[in-house]
Amino acid sequence: MKSAAVALAVYLVALEAKHVLDEWRLSRVLRKRKELEQRMHVDKRDGWCVDDLKAYDGQDPNSPILLAIDGQVFNVWRSRHLYGAGGAYAELAGHDATRQLAKQSLESDEDDGAPLTEAELDVVRGWKEYFQQKYEDCGTL
């Protein structure tokens, strides 16, 4: 009976130690996440120009990633795996991606420069709504 009580006490102490360690690890992860979010934050402003976006093209893993759609600038750093260096949509980062999204092409050289059709404008509106729901608004272009 005494050995069972000792074993229970050891188990409870170990369980409490594990809980303390888990809490410490979680606090470190949360602190690092908060620091990352602060580094990736871009203040919202109006009057961005296309050249301003070039600095946020996703090539620097320690910088935010911006792109514009239909005059609105979005911070897409949370999807770095898509818009960052080597990502499937890296061509859109640091640019006004309106025409590429409208034409449904990642290659800007495939754009004929013709005015967008109503169907293409609908595509842009759909993408813009999607980005408005998913990503941080950084202002207007």
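The values are calculated or read from the model by the stated rules, or taken from the named source; none is laboratory data. The structure displayed is predicted, hence computed values, not measured ones. Glycine also receives a Cβ, built like all others from the backbone with ideal geometry; neighbour counts cover every protein chain displayed. Quick note on the areas: whole protein, heavy atoms, side chains included, nothing else; ligands and nucleic acids left out. Shrake-Rupley method; radii C 1.70, N 1.55, O 1.52, S 1.80 Å.
In table form, for the structure just shown:
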quantity: Under 13 Å, Cβ to Cβ, from D57 - net charge with Lys/Arg +1 and Asp/Glu -1; calculated: -3
quantity: The chain - percent relative contact order, Cα under 8 Å, separation 6 or more; calculated: 25 percent
quantity: Where region 1-40 is the region considered: accessible area per residue in Å², 1.4 Å probe; calculated: 93 Å²
quantity: FRET E, pair D137, W24, Förster distance 30 Å, beta-carbon r, rounded to 0.05; calculated: 0.25
quantity: Rounded to whole Hz, the Karplus (6.51, -1.76, 1.60) HN-Hα couplings of region 79-89, x for glycine and proline; calculated: 10, 3, 4, 9, 9, x, 3, x, x, 4, 10
quantity: Summed side-chain charge close to E136 - residues other than E136 whose Cβ falls under 12 Å, Lys, Arg +1, Asp, Glu -1; calculated: 0
quantity: Environment charge at V29 (Cβ cut-off 12 Å; Lys +1, Arg +1, Asp -1, Glu -1); calculated: +3
quantity: Solvent-accessible area, 1.4 Å probe, carbon plus sulfur percent, for the chain; calculated: 56 percent
quantity: Residues whose placed amide H lies under 5 Å from that of Q72, excluding near-sequence neighbours; calculated: L141
quantity: Lysine pair number, Cα distance threshold 17 Å (strictly under), the chain, separation 8 or more or different chains; calculated: 4
quantity: Shape call, region 58-140: gyration tensor on alpha carbons, a/c limit 1.5; calculated: oblate
